[in-house]
Amino acid sequence: MSPRSTRRPLAAIALSALVSAVLSLVAPAAAFALVPTAPVSLPGDIEVMPPYQPQSFCDPVNKPGTLALADKLTATYAGTSIASLSRPCGSDKSEHYDGRAVDWGVDHRVTRQRLQGQAFLHWLFATDAAGNDHAMLRRLGVMYVIWNKQIWGSWSQKWEPYSCSGATACHVDHMHLSLDWSGAMKKTSFWTGVVRAPMPPPLVSIRALHVTKTQTVSVRDDAPQPVYRLVAGGHYRISVRGVYHYDERVRHRADAECSTADGSTWSARHAGESAGQLDLIVNGSHYWHPTGAVVNGCSTDHTYRHYVTVDKGTPLQLVINDPGRWSGSGALTVSVVRIA
């Protein structure tokens with residue numbers, strides 16, 4: 001065989017390899033152009049940016065919108081799976097504990113899955129024909145996304161570094177999507193074709209006797225959303241413990257009933273403030289019974305009790321009455337138990 005005849009097969013092989021390479025890129029590109037489709041006609045108006053509604057109680061049951069989004073992801077992007085939805089109650093905070101989070105198994109290290117994840121995010125954040133930014137994110141009620149050591153939140157509307165260690169904790173091997181309550185309950189326009197205001201979190205009715213429910217109340221919560229509902233005819237014992245800073249000064253601290261300016265002398269009325277300020281208010285009342293050792297009407301271990309009886313179902317409203325809340329820090333821990 002002459003040198004010339006040898007070059008022809010080599011050239012043909014090279015051309016064939018080039019064509020195969022191009023086709024291997026074009027075919028997946030077409031596949032990755034796939035995006036989720038809404039089951040209804042989308043209206044002209046659109047939801048506001050999803051509010052940040054962090055997990056405040058544990059109810060590890062997959063919500064209908066969570067399941068629908070998970071099914072939509074796996075149906076649209078072939079070869080992907082769901083790594084996790086709801087989880088048993090834990091000590092940290094996660095929407096997995098109330099059925100509002102999806103861990104979608106798209107591994108950023110795997111080319112095909114990385115492109116699938118990128119295609120979904122491009123669709124999720126894109127501006128629609130009417131000029132609505134983050135259009136599908138708003139129509140689905142996605143309040144934050146974590147993927148490949150980065151987090152995007154509706155509170156900042158930008159990607160930021162996510163502090164973590166390891167492929168799973170850093171969400172390299174999967175993408176995390178947390179939904180607001182409208183999205184989780186499948187009440188957004190992507191599913192219904194109707195735009196509504198964001199749903200508040202559902203209230204958890206405290207019906208069972210002698211079962212304690214606990215939540216924290218931050219000094220910076222301005223009339224925080226209620227978590228629990230007291231049922232008609234129920235008699236409840238509400239306990240509170242803890243100390244917070246009511247401004248930026250280290251010695252300026254308060255508990256549910258009393259405060260100190262010098263760091264050692266506690267009283268039920270803070271100098272220069274009217275009675276009732278710097279208290280924890282429960283459904284309009286700020287009177288607490290100190291428990292343990294008591295000095296000047298204040299609990300030395302900062303624990304107090306309050307009793308409530310309700311004639312009808314009532315949300316449990318808890319707020320720290322601190323006019324300067326944005327310069328303070330810390331939280332109180334509240335426990336509620338139905339005793340009759």
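No lab work stands behind these numbers, since they all come straight from the coordinates. Nothing here was measured: the structure is a model prediction, and the numbers come from that model. Because the Cβ atoms are built from the backbone with ideal geometry, glycine has one as well, and the counts that use them run over all protein chains shown.
The table for this structure:
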quantity	calculated
Acute angle (nearest 10 degrees) that the helix 111-125 long axis makes with the longest principal axis of the chain, alpha-carbon atoms	60
Pairwise centroid distance, computed over Cα atoms, of the stretch 309-334 with the stretch 94-129, Å	36
Alpha-carbon centroids, the stretch 153-212 and the stretch 276-297: separation in whole Å	34
By average C-beta atoms within 10 angstrom, highest first, the peptides 160-168, 108-116	108-116, 160-168
Taking N as its residue count, the alpha carbon Rg of the chain over 2.2 N^0.38 Å	1.36
Inverse of mean 1/r across different Cα pairs in the stretch 138-296, Kirkwood, Å	20.0
In range of the label at Cys89: residues from the stretch 44-59 whose backbone nitrogen is under 17 Å from the point 7 Å along Cα→Cβ	55-59
Computed lengthening from Ala126 to Met49, 0.36 nm per intervening residue step minus Cα-Cα distance	26.4 nm
Contour minus Cα-Cα distance for Val295 and Val308 (0.36 nm per residue)	2.2 nm
Nitroxide proxy distance, nm - points 7 Å out along Cα→Cβ at Gln118 and Glu248	4.4
Neighbour count of at most 16 Cβ within 10 Å plus DSSP loop: longest GluC sites (Glu not before Pro)-free window in the chain	1-247
Backbone HN-Hα couplings from phi across the stretch 325-338 [Karplus 6.51/-1.76/1.60, Hz, Gly and Pro as x]	3, 6, 9, x, 7, x, 8, 10, 9, 10, 10, 10, 9, 7
P(r) weight above 15 Å for the stretch 270-340, C-alpha pairs, percent	63
Taking the C-alpha atoms of the stretch 204-338, convex hull volume expressed per residue in Å³	94
Pairs beyond 23 Å (Cα-Cα), from Lys93/Lys213; Lys63/Lys187; Lys72/Lys187; Lys186/Lys312; Lys72/Lys186	Lys186/Lys312
Distance (nanometres) between label positions extended 7 Å along Cα→Cβ at Ser335 and Asp59	2.4
Backbone HN-Hα couplings from phi across the stretch 174-190 [Karplus 6.51/-1.76/1.60, Hz, Gly and Pro as x]	7, 10, 9, 10, 10, 9, 6, 5, 5, x, 5, 8, 6, 10, 8, 5, 4
Gln150-Asp221 pseudo-label distance in nm [points 7 Å out on the Cα-to-Cβ vector]	3.3
Global geometry of the stretch 64-192, whether rounded, prolate or oblate, following the gyration tensor of its Cα atoms and the 1.5 cut on a/c	rounded
